[in-house]
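The values are calculated or read from the model by the stated rules, or taken from the named source; none is laboratory data. Quick caveat: nothing in here was measured; it's all calculated off a predicted structure. Backbone-built Cβ (ideal geometry, glycine too); neighbour counts: all protein chains shown. Ligands, DNA and RNA are excluded from the accessible area calculation, which covers all protein heavy atoms including side chains. Shrake-Rupley method; radii C 1.70, N 1.55, O 1.52, S 1.80 Å.
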Amino acid sequence: FWGGVYSAGLMKSTDGGATWFATGISYEQANNEIIQRVVLNPDNPSIVLIATRSGIYRSEDGGTGFTQVSSVHCYDFAFKVDDANTVYTGGDKDILISTDAGATWSVLGDNIMDAGRISIETTPANPLVIYAFSEGGKFKKSIDAGASWTNATKPSTKTSFYGYYDTDFGVSDVDENALIAGGLEVVVSSNGASSWTKVSTWDGIGDDNYVHADGKCSKFLPGS
């Protein structure tokens, strides 16, 4: 695939990263597998969810053993911030939901996204708000925990993205309307994705607002 080598599996450290050991998910390069995202349940860190090319896998014992709980190729997870049993993800053009900490999954938004990578975010500022951004450029917003969805302005109106490579964005912990995304340049929104503003340049090395192209991960400082 374009972008690097395949995943070797999920490693775990119990001493702050000084040493590492294999978990119940381990691959050879010939398996052609990719782990897209790993999350721990915020209320029970023994529950681990991983998104892979072959589906979603779940562990209840800190990674010793894993069970495949979905065959959908997903790239991202987001917890409902006031209920760690509720988890959102996206794949196959759908938004999916689990209400049992990832053990089972159902369709929350049917065929509302594009094919390929779907990134999804929630925010402590408002537990009912969900944002989703897909590889084809669709940017969706829900203000009722996924019961309904509206089209929001795409960050790609102000910068370029490269498919699954950098379809990523972040939402503020304290302001549901403050967003940041990074593709060729960094863009921000202060009005819940009604509009976006470009705030960086990728080709002006030495400029005050220079940021190298190809943003991979966009996050707000916790509490901001």
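Protection proxy ranking of 206-212, 153-159, by the mean of other Cβ atoms within 10 Å over each peptide's residues and highest first, is 153-159, 206-212. The solvent-accessible area of TYR165, taken with every protein chain present and a 1.4 Å probe, is close to 60 Å². If R0 equals 30 Å, the separation of the Cβ atoms of TYR165 and ASN31 corresponds to a calculated FRET efficiency of about 0.90.
Estimated at the nearest 10 Å², the accessible area of SER7 is 20 Å² with a 1.4 Å probe. Shown here are the Rg and Dmax of the Cα trace of segment 1-134, at 14.9, 44 Å. Here the extension length gained between ILE143 and ASN111 equals 9.7 nm, from 0.36 nm per residue of separation less the Cα-Cα distance. Straightening the chain between THR14 and SER224 buys 72.7 nm, computed as 0.36 nm per residue apart minus the Cα-Cα spacing.
Using only side-chain charges placed at the Cβ, +1 for Lys and Arg and -1 for Asp and Glu, the dipole size of the chain relative to its Cα centre rounds to 340 debye. Seen from every direction in turn and averaged, the convex hull around the alpha carbons of the chain projects onto 12.8 nm².
The peptide list 99-109, 27-37, put in order of mean Cβ contacts within 10 Å with the highest first, becomes 99-109, 27-37.
Using only the C-alpha atoms, the convex hull of segment 1-73 corresponds to 105 Å³ per residue.
How large a share of the accessible area of the chain, in percent, is made up of carbon and sulfur atoms when the probe is 1.4 Å and the other protein chains stay in place?
Exposed carbon and sulfur together represent 50 percent of the surface.
Per residue, the chain exposes 47 Å² of accessible surface when a 1.4 Å probe is rolled over the protein heavy atoms with every protein chain present. Legend: calculated FRET efficiency, THR201 to THR67, from the Cβ-Cβ distance at R0 = 45 Å, rounded to 0.05, equals 0.45. Solvent-accessible surface of protein heavy atoms, probed at 1.4 angstrom with all chains present, puts ASP203, ASP166, ASP94 in the order ASP203, ASP94, ASP166, largest first. Computed on protein heavy atoms with a 1.4 Å probe, the accessible areas place SER194, SER46 in the order SER194, SER46, largest first. Once the Kirkwood radius over Cα pairs is known for segment 101-193, the Stokes-Einstein relation at 4 °C and 1.567 mPa s delivers a diffusion coefficient of 96 µm²/s. Of GLU176, GLU185, the residue with the largest accessible area leads and the full order is GLU176, GLU185 (1.4 Å probe).
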